[in-house]
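A.B. asks: Pasting a structure below so you can have a look.
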Amino acid sequence: MNIYLIGFMGSGKSSNGRKIASSLRWTFADTDKVVEQNEGLSVPELFAQKGEEYFRKAESRALQTVSGRTKTVVACGGGTPCSQDNIEIMKTTGVVVYLKLPVEALASRLKKSRSVRPLLLDAAEAELATRVETLLAPRAKWYEMADLIIDADNESTEEMTSRIASLVRSKGSYL
């Protein structure tokens, strides 16, 4: 069994994922990092050179790779759960946890982020919240399919870990 953290970019999947994995003594994987290793290019380079459609296929291959592991906390790219095949892989090989944040909190975090976000490259700071809202709208239905939805603005990593551990146990898996 794995734990798949999903949510919009900037929701804390990677930072919380590392802490949750450490707390549970599980391994940690980030689908973006797996894509970069597999492709030999960074995510922004992949978007620029091969386009979003190619990236999404590479992202699905990365998910298939990590889904073959066990006791792994997986930080999924923001678009990873947005296909029937991908959400099914996650649900059949683990529990899916949505780290949910309001648009304003996401925009605030993304303004402070040093990461290059290909889907936000041309967004001026003043229009960032609108861009986040536009990108989040079609993804929300996929995110809401999660087994557990966590208010990532108001729960500590320790609280998240406790709730996720209870969910994993309720599914009959051992930590």
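The values are calculated or read from the model by the stated rules, or taken from the named source; none is laboratory data. All of these numbers come straight from a predicted model, not from anything done at the bench. Positions of Cβ are backbone-derived with ideal geometry, glycine not excepted, and every protein chain shown enters the neighbour counts.
A.B. asks: Within the range 155-175, can you find the residues that are of a type in the set (S, T, N, Q) and more than 18 Å from the chain's Cα centre (by Cα)? Reasoning before the result, please.
C.D. replies: Restricting attention to the range 155-175, the residues satisfying the condition of being of a type in the set (S, T, N, Q) are 156-157, 161-162, 166, 170, 173.
Within the range 155-175, Ser162, Ser166, Ser170, Ser173 meet the criteria.
A.B. asks: Hey, another quick one. With the requirement that a residue be of a type in the set (D, E, K, R) and closer than 25 Å to Val132 by Cα, what does the range 39-88 give you?
C.D. replies: Hits for the range 39-88 are Glu45, Lys50, Glu52, Glu53, Arg56, Lys57, Glu59, Asp85.
A.B. asks: Right, next: Among the residues that make up the range 56-70, is at least one of them closer than 24 Å to Thr157 by Cβ, of a type in the set (D, E, K, R) and in contact with an Asp or Glu (Cβ under 8 Å, 6 or more places away or on another chain)?
C.D. replies: no
A.B. asks: On to the next question. Modelled with pLDDT under 95 and more than 14 Å from the chain's Cα centre (by Cα), is that true of Lys111?
C.D. replies: Details: modelled with pLDDT under 95: yes; more than 14 Å from the chain's Cα centre (by Cα): yes.
Against the criterion (modelled with pLDDT under 95 and more than 14 Å from the chain's Cα centre (by Cα)), Lys111 qualifies.
A.B. asks: Could you check how many residues of the range 13-38 are farther than 24 Å from Cys82 by Cβ, assigned to a helix (DSSP H, G or I) and among the hydrophobic types (A, V, I, L, M, F, W, C)?
C.D. replies: Filtering the range 13-38 for residues farther than 24 Å from Cys82 by Cβ gives 19, 22-27.
From the residues that got through so far, the ones that are assigned to a helix (DSSP H, G or I) too are 19, 22-24.
So of that shortlist, the ones also among the hydrophobic types (A, V, I, L, M, F, W, C) come out as 24.
So the count comes out to 1.
A.B. asks: Looking at Thr80, is it out of contact with any Gly (no Cβ under 7 Å at 6 or more places or on another chain), surrounded by 21 or more Cβ atoms within 10 Å (Cβ to Cβ) and of a type in the set (S, T, N, Q)? Write out each step before concluding.
C.D. replies: Numbers: out of contact with any Gly (no Cβ under 7 Å at 6 or more places or on another chain): yes; surrounded by 21 or more Cβ atoms within 10 Å (Cβ to Cβ): yes; of a type in the set (S, T, N, Q): yes.
Here the answer is yes, as Thr80 does meet what is asked.
A.B. asks: Please verify whether Ala137 is surrounded by 13 or more Cβ atoms within 10 Å (Cβ to Cβ) and either more than 15 Å from Leu5 (Cβ to Cβ) or at pLDDT 90 or above (or both), treating the condition exactly as stated.
C.D. replies: No: the conditions fail for Ala137.
A.B. asks: Would the range 44-52 turn up any residue that is over 22 Å from Ile164 (Cβ atoms), among the small types (Gly, Ala, Ser) and outside any helix (DSSP H, G or I)?
C.D. replies: As a first pass, look at the range 44-52 and keep what is over 22 Å from Ile164 (Cβ atoms): 44-52.
Adding the requirement that they be among the small types (Gly, Ala, Ser) leaves 48, 51.
Adding the requirement that they be outside any helix (DSSP H, G or I) leaves none.
No, the range 44-52 contains no residue that is over 22 Å from Ile164 (Cβ atoms), among the small types (Gly, Ala, Ser) and outside any helix (DSSP H, G or I).
A.B. asks: While we're looking at this one, here's another question. Spot the failing condition for Val73; the list is (1) surrounded by fewer than 18 Cβ atoms within 10 Å (Cβ to Cβ); (2) in contact with a helix residue (DSSP H, G or I) (Cβ under 9 Å, 6 or more places away or on another chain); (3) under 16 Å from Gly7 (Cβ atoms); (4) among the aliphatic types (A, V, I, L, M), and only one is missed.
C.D. replies: The failed condition is (1).
A.B. asks: I would also like to ask the following. Considering only the range 94-106, I want to know if a residue exists there that is surrounded by fewer than 18 Cβ atoms within 10 Å (Cβ to Cβ) and among the hydroxyl-bearing types (Ser, Thr, Tyr).
C.D. replies: Within the range 94-106 (the criterion being surrounded by fewer than 18 Cβ atoms within 10 Å (Cβ to Cβ) and among the hydroxyl-bearing types (Ser, Thr, Tyr)), the answer is no, since none of the residues qualifies.
A.B. asks: If you don't mind, another one. List the residue pairs whose Cβ atoms are under 6 Å apart, where the first residue sits in the range 24-37 and is farther than 13 Å from Thr70 by Cα and touching a residue at least 40 places away in the same chain (Cβ under 8 Å), the second is among the small types (Gly, Ala, Ser) and part of a helix (DSSP H, G or I), and the two are 6 or more positions apart or on different chains.
C.D. replies: So the pair list comes out as Asp30/Ser14; Thr31/Ala62; Val35/Ala58; Val35/Ala62.
A.B. asks: Restricting attention to the range 130-175, which residues are among the acidic types (Asp, Glu), farther than 23 Å from Ser83 by Cα and touching a helix residue (DSSP H, G or I) at 6+ places or on another chain (Cβ under 9 Å)?
C.D. replies: Those that are among the acidic types (Asp, Glu), farther than 23 Å from Ser83 by Cα and touching a helix residue (DSSP H, G or I) at 6+ places or on another chain (Cβ under 9 Å): Asp153, Glu155, Glu158.
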